[in-house]
Every structure is written in C-alpha cells, then in structure tokens.
Amino acid sequence: MRIFASVSLAALALACFTATPQTSAAQQISPVAQTPPMGWNSWNYFFGKVTDKDIRDSADQIVSTGMKDAGYIYVNIDDTWEGKRDATGVLHTNEKFPDMKALADYVHSKGLKIGIYSGPGTKTCAGYPASLGHEEQDAQLYASWGIDYLKYDLCSFIPDVLEKQAPNDKAEQMRIMFAAYDKMSKALKATGRPIVFSLCQYGWDAPWEWAPALGGNLWRTTGDIDPHWDRIYAILSQQDGLAKYAGPGHWNDPDMLEVGNGKLSLAENRAHFSMWAMLAAPLLAGNDLPHMKPEIKAILTSSDVIAIDQDKLGKQGTRAYSDGEVEVWTRHLSGGALAVAVLDAGDARYSTHPFHLDLAKLGLHGPQKGKNLWTGEEVTLTPNMPIEIGSHDVLLVRITAPK
Ligand code: GLA
C-alpha cells in the first residue's frame, strides 16, 4: 500500500519538520548506527511468548557463542513486553518482564546494549499499549531504564489516527504520519541518550525517501519476513533500486534475519546471510540462541561475511545482472575492493548447463583474484568462467583489487 505518491517526500518531510532538533542534549549525542546495527531480536523465534528469562539467556548466549565478539551488540525486545499505564500515564511492564531496569542492567553488564519496541498508535501490532499521546513520557522511561534502541512500528496508527483524522486525504495522512515519527525522534533525542531509532512502516510510502529527515537510523523496506526461501527471495528482489538511500547512520532494513529458523536448508541460510551482507542490512539474528546448531553459529559468526556487511564505506550492493534464475550482485567496499555474490535463486542445480559469469557486465576486465568467503580459499574469477551453484546457494567472493 502506498498512501501518497510523490517524488518529493523527503522535501515534504523536511518542510514539515526540522531535521535535527536544536536542543543542547541533542547536540551532545554521539552518532549511532554508523554501520548497520548488529544484534538479536526476540520476534522471529519467540513472537509473543518472549520473557525476561529469554532475553537474559539470549544475552548470555551472544557472549558465550562468540557472537558478541563477531559484532552482535543489540539485544532487542520486540512486541509484548508492555503492561498498563497508571493514572499518571506511565507505562508499566507486564508480568513477563518484572523489572525492565534490572534486565537492562543485566544486558549492559555483559557489554551488550538493549532495545525495545513501541509504535505511534494506541496499540502495537500485537495489541499492547503503544505511545500515542505519551511520546515524551515513554522516551524518558526508556532512557531511565537504559534503553539503547527503539523499533517504532506503525500498526494501529492507520485505523486509530490516519483513517479517523484524514479519511481519503493522502497528503494529509503523510503529514500526520511524518509528525508522529518526528515526535518520537525528537523525544528520544531530548533524553540525551544515544538511542537507535528504527522505523517500522513495512516499506509503504517509500520510507527511504523521508525517514532519514525524521531522524530514522533504519527503516523497514518490506512487510514481515518468514523462514521460507520464497519470502526471503521476494524481500531481496524488492531491495533493487534502494541502494542510494543507505549510508552511515541511515540504512534500508529488509527485516531481521531468519538464519537458523524454520526449515531453511544450510544453503538457504548461507544465501540469506550473504545477501543481507551485500545489502548493508542490519544483522539482527532472530533464532533460538540456546539451541543454535554449530553450522548456524558458523554462518552467523562468519567474520569475512560480516566484514562485507559492516564495511565502513556503507555503500549498499546492487544487482548487476541476472541470467535465468542466477543473479549477480556487486558491492563496492572501502579501499577499492569489490564483493561479488552469484546467487542461484532457482530450484535447479547448474551442473549440466553451468552458469557463465560475465565479468564485463560487472565492469571487470580479465582475471580477478579474490577470496571465496564461505570456503576461505583463494579464487580467480575469469571472464565467462562456468560456475556451478547449488539451488538457493551462493558464491560470495571478495576481490581486493578489481580491475
Ligand atoms: C509487525 C512487525 C514485526 C513485529 C510485529 C510485532 O508485524 O513488522 O517485525 O515487530 O509487528 O507485533
């Protein structure tokens, strides 16, 4: 759904609101999300069942599995932590989270950061209280707990506010929605605490065009992910054309990782992780960490692949070309290096009719020396070389000095 089509959404967002509040607290806040945020989020595995204990166990596991050392820092509580507001409007946690401050202290004691979830409407997507009319109060509450990251999910704002206040007036609906995200953005900045601001609006209304102007550090580009190859590939396909909107401090978010969830094959887990790295996507694992299999840990902690995602240049990869069901994506990296991903998105193995890599279509000439990031082997890519890739698998190569 696109509420309002316009080429100048960013201009409208900027015209409606000043991009950066001029409070002294805001000026002191150190910048966040200079590389895509890395961590773990409770939703994709626990959904509405998540408890305080699950968060503590997950934080423990992030440390003991080496994920923390690999760069996973944010431990994010998604929906269903919320209780009721008291007479003064202060929101309390529900029985699953008896003491949020103590939980945040625990996560911090592990050298990790903690995230939380709300939305601009009256209710969250799971029907729990959200922040409408309590933005400053909630932001102050999060800061008092020591929260480092907020995912702010549109959900009930559509029926609660947009459809009530501006029925059939798309332009006005956009202004109201901008104001809602801007309000929370400023409320977070006013706390003086560096808090990553993650907009969740499912990619409706081209958030990449206006979310950065409203202080968004990342914004969802699509509806929800699920642990099926078709869904993962559909989301990947929707990222084409969005690369120019990403950069340090502001990232496209194709949703959290499903690596290790459902019945994804090892190849699918590897391809999913590789392509999210090519996209400079936030790497928020969403699996059952205490029961993580060694092969899943190996994927999530692959330092060579994480280095692609976290590359300082912050330039998102793009699809260079496709040939049948094989796609070739490239990503420019700092120091002039280039990542090349060859993805077999289809169901067939390219053995009898191997795929031939057209280096000229990547702007490359002659043999290219690189490293296969999943085997660790040195490889040389040559023009039109045949490549055999398993179904839903990927060849990921880092070329240090492309020519
Ligand atoms: C929406 C979001 C999900 C999750 C749920 C929680 O569906 O897109 O990522 O946060 O809400 O209710």
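FYI, it's all coordinate maths here, none of it is from the lab. Remember, it's a predicted structure, so these values are computed and weren't measured experimentally. Here Cβ is always computed from backbone atoms with ideal geometry, including for glycine, and neighbour counts include all displayed protein chains.
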Folded to 0 to 90 degrees: helix 266-278 orientation relative to the chain principal axis, Cα:
70
Check each of the chymotrypsin sites (Phe, Trp or Tyr not before Pro) in the stretch 102-178 and keep only those in coil by DSSP with at most 14 other C-beta atoms within 10 angstrom; list them in order.
none
Pair D169, S334: separation of 7 Å Cα→Cβ label points (nm)
4.8
From phi via Karplus (6.51, -1.76, 1.60), per-residue ³J(HN,Hα) for the stretch 202-216 in Hz, x at Gly/Pro:
6, x, 6, 6, 6, x, 4, 7, 10, 4, x, 5, 9, x, x
Out of residues 5 or more away from Y74 or on other chains, whose amide H comes under 5 Å of its own, with H placed 1.01 Å from N in the peptide plane?
M38, G39, W40, K113
Cα→Cβ-extended label distance, 7 Å offset, between D224 and N384, nm
4.9
22 Å Cα-Cα reach of K164 towards lysines, excluding residues that sit fewer than 8 places from it in its own chain:
K123, K183
What angle do you read, to the nearest 10 degrees and between 0 and 90, between the alpha-carbon axis of helix 52-64 and the longest principal axis of the chain?
40
Non-local amide H neighbours of R85 (under 5 Å, H modeled in plane, Pro and chain starts lacking H): which ones?
H92
Of K186/K293; K53/K293; K68/K101; K49/K293; K68/K361, those spanning more than 32 Å from alpha-carbon to alpha-carbon
K186/K293; K68/K361
Under 17 Å from the Cα of K189, which aspartates and glutamates turn up, not counting those fewer than eight places away in the same chain?
E135, E136, D138, D148
Cross-link partners among aspartates and glutamates for K244, C-alpha distance below 19 Å, same-chain residues fewer than 8 apart left out?
D205, E209, D253, D255, D309, D311
For the Cα atoms of the chain, what angle does the longest principal axis make with the long axis of helix 170-190, in degrees from 0 to 90, nearest 10?
80
Could you work out how much longer the chain between K403 and A360 gets when fully extended? Use 0.36 nm per residue separation minus the Cα distance between them, nm to one decimal.
14.4 nm
Going 7 Å from the Cα of S64 in the Cα-to-Cβ direction, what parts of the stretch 87-112 have a backbone nitrogen less than 20 Å from that spot?
103-112
Report the FRET efficiency, 1/(1 + (r/R0)^6), for K312 and H353, where r is their Cβ-Cβ distance and R0 is 45 Å, rounded to 0.05.
0.70
Which distance in nm do the two modelled labels at N372 and A267 give, with both placed 7 Å along the Cα-to-Cβ direction?
1.4
